[in-house]
Amino acid sequence: MLVYNSQKHRKQELEPIEPGKIRMYVCGPTVYDQIHIGNARTFLSFDVIRRYLMYKGFEVTFAQNLTDVDDKIINRANEEGRSAAEVAEEYSNAFIEQMHRFGILDPDIRPRATREIEAMQDMIKTLIEHGHAYAADNGDVYFSVRSDDAYGILSGRDVDQLRAGERVEVNDEKRDPLDFALWKAAKPGEPSWPSPWGDGRPGWHTECCAMIRRYLGTPIDIHGGGQDLIFPHHENETAQCMCAWDHALANYWMHTGMLRVNGDKMSKSLGNFFTLKEILDKYPADAVRLLMLQTHYRSALDFQTDQLDGAVGTLERLRTCVKNLRWAANNAKEDGNLTEFDRALSKAADEAQAEFTRQMDDDFNTAGGLAAIFELVTAANKYLAEAGDTIASSVTLRAADTICELADVMGVELDAAESGLPAELVDLARERAGYEGSDPEEAAEVLLAARQQARAAKDWGTADAIRDGITALGLVVEDTPAGARLSRA
Ligand code: AMP
Ligand code: ZN
C-alpha cells in the first residue's frame, strides 16, 4: 500500500520496520481549552489511518501525547487565578471526553509532558554532550541549529534562508536566532522542575521526541500531525533525534491538510472556530465523520456548518439501508436457487470490498472508500426494491455486513443505531408480555408477538394496551408484507 511521505513529497510503498507491525505517533493537543474542529479533523484522519492499518492486519501501536505544560496553559491559569496543573487537568479530561464522543479510538499510550521530565532531561544531556546544545547564562538550554548539517531535511528549508522572524524567536540568550529552546528557565509563578541547568520546564519540541523514544523506540514507522506542524515543530523534533541518537525520528511523515473557513485556516487566534464540543452537541458524531472523510486527508477542507445537514441525511441513508437489509434477511425465506438479483447484489458486495481496499491502499483515500460503500448501498436499495418476495437471506446479510464492516473502518457505526429503540420497551415487554431479557430489539419482537396473539384470540383489551404503550414511547407499528415491526413515529 502507498503512503504519502511529506519528507519525500511523494507516495511510497509502506514498509514497516518490523514486518506486520506499525508504530505510530501523532502529536496531541495543548490542553488549555476545548479543541476546535480543525484539530479534530487531524485527529480523525489519523484515527481512520490507524483503523485501516488494523483492518489490513497490522499490529498497530499508537501513541499520542498531551502537552500539559505550555505558555497558553500558564496564561489561562493566571487569568483565572488557578494553577496551570488545574487548567491542564480540566482540558485533558475535556479532550479525552470529546475524542470518545467523536468515536476516536484511545491511543495505546497517552504520555503527558509533565510526567516525562526525566526522559526529556536525559535527551537534553545527550545533546549537550554531543555538542548540539548549550546552556545559556540564564538557565535556558538551546539546540544549536547550525551544529546540525541535516537541519531542514524535513521541511526542505535552507538554514541560510531562515530569517529571524516568523516563528523564530529572537532573544539575547541565544547564540544564534535560529536556535530553539530545549529547556526554559523558570519564571516566577510558573510550573518548574529541578534540572542540572536550574529550575525550569521543557520546550514543546523536546517533549514529543523524548516521549517517542521512551514509549515507541526510535525510529518509528509513522509520525503524524497537521501540515502546520512540519515547520518548526517536526523539523525540530527530527533534528533532536538525529543529533542525539544518530537516526531519523520516523520513516514516514504524514501531514493533514488544514480545515478552513472562508479560505482561512481555522484557528483559535483568528477566532473563526467551532469547538468540537459545540458541533457534537448539535450533530451526530458519525455525520461529522462522514463529512470530513469525504475530503482526502491531505487536501484542505473548506468547512461550512450547513454541509452537516447533508451529512446527517447521508448517515440516515446508510443506516436505513442496513436496517432494511437486516430486516429483509430476518424475514426472508430460506435461500433457494439464487436469482439474477441475488447474484447482482453478491457481485456488488465483492466489488465494493475490492474497490474500498484499492482506494484506501492509495494513501488512505477515504473519499474513494466512502464512494465504494455508497455504490453498494445503491445496489442494495435496488435489490430490496426489485427482488420482491424472492429475497435470499444469506446474500442480503452479506451486503449488510459488508456495508457495516467498511463503515466501521471509517469509525462510523451503522448497526448500533439500528437499535434506536428506547430502553423503556424492555419495561413494557416485561409488564405486558412477561419478557425477562434486557434487549430493546428483542423486547419489541416479544411485544409484537404478544399483540399478534392477543388479536388472534380477539383479546382486544390486551392488544390495545400493548399498542398504547408503544405509542406512548413515540413508536409506531409498521405492518409490512413480512410482518409487523416497530419504528420511530
Ligand atoms: P495544536 O494544539 O495547536 O498543536 O493542534 C493540535 C493538532 O491540530 C496539530 O496536529 C495541528 O496541526 C492540528 N491543527 C491545528 N489547526 C488545524 C486546522 N485548522 N485544520 C487541521 N488541523 C489543524
Ligand atoms: Zn510533536
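Can you tell me which residues in region 297-354 are more than 30 Å from Y4 (Cβ to Cβ) and not in a helix (DSSP H, G or I)?
A332, K333, E334, D335, G336, N337, L338, T339
So which strands (runs of 3 or more DSSP E) are wholly in region 155-251 and hold at least 3 residues that are closer than 19 Å to L127 by Cβ?
Of the strands (runs of 3 or more DSSP E) lying wholly inside region 155-251, those with at least 3 residues that are closer than 19 Å to L127 by Cβ span 180-185, 200-202.
For every residue, the table says whether it meets (1) in the same structural domain as G263 (by TED's automatic domain parsing); (2) farther than 15 Å from A387 by Cβ; (3) modelled with pLDDT under 95.
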{"residue": "L291", "(1), (2), (3)": "no, yes, no"}
{"residue": "H296", "(1), (2), (3)": "no, yes, no"}
{"residue": "K323", "(1), (2), (3)": "no, yes, yes"}
{"residue": "A329", "(1), (2), (3)": "no, no, yes"}
{"residue": "A344", "(1), (2), (3)": "no, no, no"}
{"residue": "D350", "(1), (2), (3)": "no, yes, no"}
{"residue": "Q353", "(1), (2), (3)": "no, yes, no"}
{"residue": "F356", "(1), (2), (3)": "no, yes, no"}
{"residue": "M360", "(1), (2), (3)": "no, yes, no"}
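Scan region 202-233 for residues that are surrounded by 24 or more Cβ atoms within 10 Å (Cβ to Cβ), more than 14 Å from ligand 1 (Cβ to nearest atom) and not hydrophobic (A, V, I, L, M, F, W, C) and report the count.
Number of matching residues: 2.
Please go through region 1-31 and pick out each residue that is surrounded by 14 or more Cβ atoms within 10 Å (Cβ to Cβ) and more than 16 Å from ligand 2 (Cβ to nearest atom).
Once the filter is applied, which keeps residues that are surrounded by 14 or more Cβ atoms within 10 Å (Cβ to Cβ) and more than 16 Å from ligand 2 (Cβ to nearest atom), region 1-31 yields M1, L2, V3, Y4, N5, Q12, L14, P16, I22.
Tell me, yes or no, whether region 252-269 has at least one residue that is over 30 Å from A136 (Cβ atoms), buried (at least 23 other Cβ atoms within 10 Å of the Cβ) and more than 14 Å from ligand 1 (Cβ to nearest atom).
no
Tell me, please, whether a residue that is over 23 Å from the mean Cα position of the chain (by Cα), farther than 28 Å from E59 by Cα, away from ligand 2 (no atom under 16 Å from the Cβ) and crowded, with 20+ Cβ neighbours inside 10 Å can be found in region 234-247.
Yes, the conditions are met somewhere in region 234-247.
Can you go through L376, L397 and tell me which one is crowded, with 17+ Cβ neighbours inside 10 Å, of a type outside the set (S, T, Y) and at pLDDT 90 or above?
Just one listed residue meets the conditions, L376.
Take L270 and tell me if it is in a helix (DSSP H, G or I) and either more than 16 Å from ligand 2 (Cβ to nearest atom) or under 19 Å from the mean Cα position of the chain (by Cα) (or both).
no
The values are calculated or read from the model by the stated rules, or taken from the named source; none is laboratory data. Keep in mind that this is a model prediction, so the values were computed, not measured. For neighbour counting, all protein chains shown are included, and Cβ atoms are generated from backbone atoms with ideal geometry for every residue, glycine included.
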